[in-house]
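The structure appears right after this line, and notes come after that.
The values are calculated or read from the model by the stated rules, or taken from the named source; none is laboratory data. Because the structure is predicted, anything quoted here is derived from the model rather than measured. Note that each Cβ is placed from the backbone with ideal geometry, even for glycine, and that neighbours are counted across all protein chains shown. Surface areas here come from the heavy atoms of the whole protein model, side chains and all, with no ligands, DNA or RNA. Shrake-Rupley method; radii C 1.70, N 1.55, O 1.52, S 1.80 Å.
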Amino acid sequence: MFHVPAHKQLDPAKQPGQIVHQVKAPSADFAFSDHGSICILTALSPEGSQWVREYIPADAQRWAGGVVISPHFVCDVLDAIAADYRDLWAAGG
């Protein structure tokens, strides 16, 4: 769920007090790291954290701020994330 928030910032080239809108580049919702025998999925955004709460069992092993995933299940988890994002984009979210 990539959100592109707009924030207000003063532009020194404009008249004092005049506001311009800038758009930040979207940031990632997850970080994924492969350590050979284990993989770590780390939520980086509130949307990523929500996805983990909804789809990853509460008793899943956690390590280094992320969820430990067996390499055997990595494709299933990443495919599920991709499918949810495809559905979101198709719905215009």
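Just a few scattered comments:
Condition check ((1) open to solvent by 50 Å² or more (accessible area, probe 1.4 Å); (2) closer than 15 Å to residue 32 by Cβ; (3) over 15 Å from the mean Cα position of the chain (by Cα)) across all residues:
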{"site": "51", "(1), (2), (3)": "no, yes, no"}
{"site": "58", "(1), (2), (3)": "yes, no, yes"}
{"site": "64", "(1), (2), (3)": "yes, yes, yes"}
{"site": "69", "(1), (2), (3)": "no, yes, yes"}
{"site": "78", "(1), (2), (3)": "yes, yes, no"}
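- Per-region count, segment 47-58, residues closer than 19 Å to residue 74 by Cβ and of a type in the set (D, E, K, R): 1
- Residue match in segment 39-46 (condition: at pLDDT below 95, in contact with a Ser or Thr (Cβ under 9 Å, 6 or more places away or on another chain) and surrounded by fewer than 10 Cβ atoms within 10 Å (Cβ to Cβ)): no
- Qualifying residues in segment 80-93 (those that are of a type in the set (A, V, I, L, M) and surrounded by 10 or more Cβ atoms within 10 Å (Cβ to Cβ)) - the one farthest from residue 31 (Cα to Cα): 88
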